[in-house]
Amino acid sequence: MSIKDSKVRLSTVLGAVAVLAACGSGGTTGEDATVRSQDHPELGRILVDASGKTLYFAEQESDGVVRCVDGCLDFWFPAKSTDGAAPSVPGVVLDVLRRADNGQSQLTYEGMPLYTFQLDNSAGEANGNNLEDDFGGTHFVWHAVTIDGEGAATPAETPGAGGGY
């Protein structure tokens, strides 16, 4: 198989994954408002959702304004609050904001909207940590929420525009 054929197949598979995500296959990720801290072997203590998926924030949303909309939501799933209230985690400031694009409640950490990542397939994975991508003209830099001040320091850039997954 040539490199070109491999790229075409990878693009086809990733395109199918994006379509499935948009159709709701990943939509349940982060819907339960249960949040807890968990030890991660490389990042230290991180925040995870009810299913153990790592929670992330984007530097570009540090002002509390949601910029991950449209195509971004095919890969980054808002951590939702089903009852409109923030869960309680000792020593962590969690709250809820209402998204301007769809009116849904989304959990925040220190004012920053929280997300899970489509390419974290199992509990404890942090494939989105320090990941960089672009959606709708906005360049995003994503970080796992670490609550002990440790984490990976080297950004990983995703190839291509529009996410590149």
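Before moving on, here are some points about what is shown:
- In nm, spacing of pseudo-spin labels at Glu42 and His139 (7 Å Cα→C-beta vector): 2.3
- Residues whose amide H falls under 5 Å from that of Leu131, counting only those 5 or more places apart or on a different chain, are Trp142, Ala156, with hydrogens built in the peptide plane.
- By DSSP, the beta bridges lying fully in the stretch 29-156 are antiparallel in about 95 percent of cases.
- Residues whose amide H comes within less than 5 Å of that of His40, counting only those at least five positions distant or on another chain, are Arg45, Ile46 (H built at 1.01 Å from N in the peptide plane).
- For Leu55, the shell of other residues with beta-carbons less than 11 Å away shows a net charge of 0, using +1 for Lys and Arg and -1 for Asp and Glu.
- Local electrostatic count at Val92 - Lys and Arg +1, Asp and Glu -1, tallied over other residues with Cβ under 12 Å: -1
- Backbone HN-Hα couplings from phi across the stretch 104-110 [Karplus 6.51/-1.76/1.60, Hz, Gly and Pro as x]: 7, 7, 10, 6, 10, 10, 6
- Where N is the number of residues in the stretch 75-136, Cα Rg divided by 2.2 N^0.38 Å: 1.20
- 3J(HN,Hα) along the stretch 92-101: 10, 9, 10, 8, 10, 10, 9, 5, 5, 6 Hz, from the Karplus curve 6.51 cos²θ - 1.76 cosθ + 1.60 with θ = phi - 60°, whole Hz, x for Gly and Pro.
- Along the stretch 62-69 the Karplus relation, 6.51 cos²θ - 1.76 cosθ + 1.60 evaluated at θ = phi - 60°, assigns HN-Hα couplings of 5, 8, x, 8, 6, 10, 7, 9 Hz to successive residues, with x for each Gly and Pro.
Just so you know, all these numbers are worked out from the coordinates, no wet-lab data involved. This is a predicted model, so every value here is computed, not measured. Quick reminder, even Gly has a Cβ in these numbers, built from the backbone with ideal geometry, and neighbours come from all protein chains shown.
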